[in-house]
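K.L.:
Submitted below is the structure of interest, expressed as structure tokens.
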Amino acid sequence: STLMNILGLLDTPTSGSYILNGTPIENFDEDELSNLRSKSIGFVFQSFNLLTRSTTLENVVLPSIYAGVKKAEREKRGIEILTKLGLGDRAYNRPNQLSGGQQQRVAIARSLMNDPEFILADEPTGNLDTKSGNDVMQILKDLNKQGKTIVVITHEADIAHQAKKIIKITDGVISK
């Protein structure tokens, strides 16, 4: 989680440097980091982190509210993304009306709202049954084929082996 927090611009490294899209970020203040995070990084969490009192669409468009996108534009984009992920008919459902796999697809849709360059997925299949987990991994692989960089953090070997590249970290050290 330390690496994910650093990659996600939530924490800064204690040594070395982090260059995102050619820009060193070590001297950025919190507002600059937040702005860069909003535009460049999409997050998918194991526990979905959906707002239970909000509709699917409201959950999906949340990042674009912070990015200052006008309501009509963000709702149009939210519906488009939900439709691409097979959830267009669930836009006005609440999270408790969705299966775990559907909730994770909502989380993926939310991560795509601001068209980030890369997506950090922390244990994206950890709370899912095998079929739903495979569906989520297929969506992430398809996004990668479309040019998105996907970083999946997992403890599951079968999930890791679906990646193009595996970096294993043992006791805080990259190992081969």
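K.L.:
Rg to Rh ratio, the range 1-50, alpha-carbon atoms and Kirkwood radius? Working shown, then result.
P.N.:
Details: Rg = 11.4 Å, Rh = 11.7 Å.
Rg/Rh: 0.97.
K.L.:
Based on the alpha-carbon gyration tensor of the range 1-94, what equivalent-ellipsoid semi-axes (square roots of 5 times the eigenvalues) come out, in whole Å, largest first?
P.N.:
Numbers: eigenvalues 180, 44, 24 Å².
Equivalent ellipsoid semi-axes, largest first: 30, 15, 11 Å.
K.L.:
Using only helices, what value at 222 nm comes out for the chain when you add -39,500 (n - 2.57) per DSSP H run of length 4 or more and divide by the total residues, to the nearest 500 deg cm²/dmol? Could you put the intermediate results ahead of the total?
P.N.:
Details: 7 runs with 75 residues, N = 176.
Roughly -13000 deg cm²/dmol at 222 nm, from the helical runs in the chain.
K.L.:
Here's another thing I want to ask about it. Using a 1.4 Å probe and ignoring any ligands, DNA or RNA, find the accessible area of Lys131 and quote it in Å² to the nearest 10.
P.N.:
In the full protein context, Lys131 sits at about 130 Å².
K.L.:
Mind computing the radius of gyration and Dmax over the alpha-carbon atoms of the chain? Å is fine for both.
P.N.:
16.3, 48
K.L.:
Taking N as the number of residues in the range 65-128, what is its Cα Rg relative to 2.2 N^0.38 Å?
P.N.:
Values: Rg = 12.2 Å, N = 64, 2.2 N^0.38 = 10.7 Å.
My calculation over the Cα atoms of the range 65-128 gives 1.14.
K.L.:
Step through the table entries Lys39/Lys71; Lys141/Lys164; Lys39/Lys164, compare each Cα-Cα distance with 19 Å, and write down the pairs that go over it.
P.N.:
On the way: Lys39/Lys71 17 Å; Lys141/Lys164 9 Å; Lys39/Lys164 25 Å.
Check vs 19 Å cut-off fails for Lys39/Lys164.
K.L.:
Rounded, prolate or oblate: which fits the range 111-176 when a ≥ b ≥ c are the square roots of the eigenvalues of the alpha-carbon gyration tensor, with rounded for a/c under 1.5 and prolate only if a/b beats b/c?
P.N.:
Details: a/c = 1.83, a/b = 1.25, b/c = 1.47.
Here the range 111-176 falls in the oblate category.
K.L.:
Under a 1.4 Å probe, what is the accessible area of the range 60-124 per residue, stated in Å²? Before the final figure, lay out the partial values.
P.N.:
Working: 3120 Å² over 65 residues.
Value returned for the range 60-124: 48 Å² of accessible area per residue.
K.L.:
Now for a separate question. Please arrange Ile167, Ile6, Ile65 by accessible surface area, largest first, computed with a 1.4 Å probe and ligands excluded. Intermediate results must be reported in sequence, preceding the final value.
P.N.:
Values: Ile167 105, Ile6 35, Ile65 80 Å².
Heavy-atom accessible area, descending, gives Ile167, Ile65, Ile6.
K.L.:
Show which aspartates and glutamates lie in cross-link reach of Lys76 when reach means a straight Cα distance below 19 angstrom and same-chain residues fewer than eight apart are skipped.
P.N.:
Glu58, Asp89, Asp115
K.L.:
I need to check one value: relative contact order of the chain, counting alpha carbon pairs closer than 8 Å and at least 6 residues apart, in percent. Show your work: numbers first, answer last.
P.N.:
On the way: 228 pairs, mean separation 40.1, N = 176.
This gives 23 percent for the chain.
The values are calculated or read from the model by the stated rules, or taken from the named source; none is laboratory data. These figures come from a predicted structure and were not determined experimentally. Areas reflect the complete protein model, heavy atoms only, side chains present, ligands, DNA and RNA absent. Shrake-Rupley method; radii C 1.70, N 1.55, O 1.52, S 1.80 Å.
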